[in-house]
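Q: Once you've had a glance at the structure underneath, I'll fire off some questions.
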Amino acid sequence: MPAAERPDDSAVPATDAEAAPAARAEAAPAEAMRAEAAPTETGDARTSLANPAVRRRIRRVLPWTLLLAFGIILLDQATKFWAVTELEPGVGYPVIGDAIEWRLVYNPGAAFGIGGEYTWILTAVAAIAVVAIAVFVSRISSTRWAIAIGSLFGGAISHLGDRLFREPAFARGEIVDFIDYFGFFIGNVADIALVLGAIGVALLSVLAVSPTRPEPASAQPETTRAP
């Protein structure tokens, strides 16, 4: 009589105990991918404009950003009015020796008088810059970014006002400069605000400070395991 054939082990269904390790091994890559994606999704949600918390922070910061910009505009235009009424064009008035002087000039161009024959182009560029900064201002919820961008916003608006409304013609106005630095550069208060704002933006970018700062992560309650 022929010997009984042994059943093939591969045909025998695995028990639950044997199948569990294989199932866990298959599920591990998917769980790892979800774990890696979770922080990114959480971080995006915490800085997204769709997040009500972000919108609340923007509403708190926005008035102070606009107030800073308005203060710079007011100070810049007030000092330009003083310079136009009190200073003789081209005449130097020492303030700190020869280092800083009051010297009134009218600048139709950009820095150092560059592009004076293309004033209307500079006006268009200034208008585009103001619109771009305004859009960015409406999205800021970080106080440090608000200070930097508020300085840029105020300086840019004040310069645009000069371009639009000062002589010799609309959109061809000349910038009033009166602060002479070592005889090398003549600027105004708006220039100071623009330079400081640009430095602030550069530093915040290097330090990776988000314009829409996330809320602090809430503490997660610890779970106790059964012994």
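Q: Sequence-distant or interchain residues sharing an amide H contact under 5 Å with Ala171, placed H: which?
A: Leu164, Phe165
Q: Quick one: accessible surface of Arg56, probe radius 1.4 Å, all protein chains present, in square angstrom to the nearest 10.
A: 120
Q: Can you work out the base-10 log of I(q)/I(0) for the stretch 52-103 at q = 0.22, 0.24 1/Å, using the Debye formula on its C-alpha atoms alone?
A: -0.85, -0.91
Q: For Ile121 and Val95, compute 0.36 nm times the residue count separating them, minus their Cα-Cα distance, and round to one decimal in nm.
A: Difference between extended and current length: 5.9 nm.
Q: Follow-up. At what distance in nm do the modelled label points of Thr143 and Leu66 sit from each other, each positioned 7 Å from its Cα along Cα→Cβ?
A: Result: 2.1 nm between the two label points.
Q: For the stretch 182-200 and the stretch 48-78, compute the distance between their C-alpha centroids and round to whole Å.
A: Centre-to-centre distance over Cα atoms comes out at 22 Å.
Q: Follow-up. What FRET efficiency would be calculated for the residue pair Val135, Arg172, taking the C-beta separation as r and a Förster radius of 30 Å, to the nearest 0.05?
A: Result of the calculation: an efficiency of 0.70.
Q: So, one more: Taking Cα centroids, how far is the stretch 117-148 from the stretch 149-169 in Å?
A: So the separation of the two Cα centres works out to 11 Å.
Q: With labels modelled as points extended 7 Å from the Cα through the Cβ direction, what inter-label distance (nm, one decimal) is found for Thr79 paired with Phe182?
A: 1.9
Q: Can you list the residues, at least 5 places off or on another chain, whose amide H is less than 5 Å from the amide H of Ile100, using H built in the peptide plane?
A: Val95, Phe182
Q: Whole-Hz ³J(HN,Hα) for each residue in the stretch 89-100, computed from phi via Karplus 6.51 cos²θ - 1.76 cosθ + 1.60 with θ = phi - 60°, x for glycine and proline: what do you get?
A: Per-residue couplings from phi come out as x, x, 8, x, 10, x, 10, 10, x, 8, 6, 10 Hz.
The values are calculated or read from the model by the stated rules, or taken from the named source; none is laboratory data. Just so it is clear, the model here is predicted, and its values are computed rather than measured. Note that each Cβ is placed from the backbone with ideal geometry, even for glycine, and that neighbours are counted across all protein chains shown. The area values use the complete protein model at the heavy-atom level, side chains included, leaving out ligands, DNA and RNA. Shrake-Rupley method; radii C 1.70, N 1.55, O 1.52, S 1.80 Å.
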